[in-house]
Amino acid sequence: MAHTSSRRWLERRRHDPGEIRRLLSRRESEGLSYAQLSADSGIPVGTLAWWGHQLRSESRVTTAATEFVEVIPKVSAEASGDVEITLPSGIQVHAPGSIDREALARLVTAILTC
C-alpha cells in the first residue's frame, strides 16, 4: 500500500495558476462541466473544482474591496456632522465628521476585506 501512495505522490504535479485560470475561463465561456474540462486537460476534477472555489473566493474579496458606491448625503434637522456609512453587507459605520478621510477609507477597506 505504501508503494502505491508514494507513486501517487510522485505523479502529482503543481499546476500553473495562469493555466488553471485560462481553463476555468474556458469552462465558463463554453459551459463545460468540471468532468469535461478534466477529460480535455488531464487535470483531476477535484483539483479543478478546488481552484474554481479558490478563484471565486479571491474574486469576491477583490470585487468587494474595489467596488465603488455612490454616496448621497442626507441632511436632516438634527445634522450633527457625523458620518454614517451603510456597506453593501448591511454593516454600518459611524464616525465623527472630523475623521480624516484617508483613515475612514482605510477603515472601510479593512471591513470589506474581512
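The values are calculated or read from the model by the stated rules, or taken from the named source; none is laboratory data. Since this is a predicted model, take the numbers as computed values, not measurements. Reconstructed Cβ throughout: ideal geometry from the backbone, glycine too, with neighbour counts over all protein chains shown.
Can you tell me which residues in region 30-59 are surrounded by fewer than 16 Cβ atoms within 10 Å (Cβ to Cβ), under 10 Å from residue 20 (Cβ atoms) and among the hydrophobic types (A, V, I, L, M, F, W, C)?
Those that are surrounded by fewer than 16 Cβ atoms within 10 Å (Cβ to Cβ), under 10 Å from residue 20 (Cβ atoms) and among the hydrophobic types (A, V, I, L, M, F, W, C): 50, 55.
Quickly run through region 41-94 and pick out the residues that are aromatic (Phe, Trp, Tyr) and modelled with pLDDT under 75. Can you show your working first?
Here is the first cut: in region 41-94, the residues aromatic (Phe, Trp, Tyr) are 50-51, 68.
Of everything in region 41-94, just one residue is aromatic (Phe, Trp, Tyr) and modelled with pLDDT under 75, namely 68.
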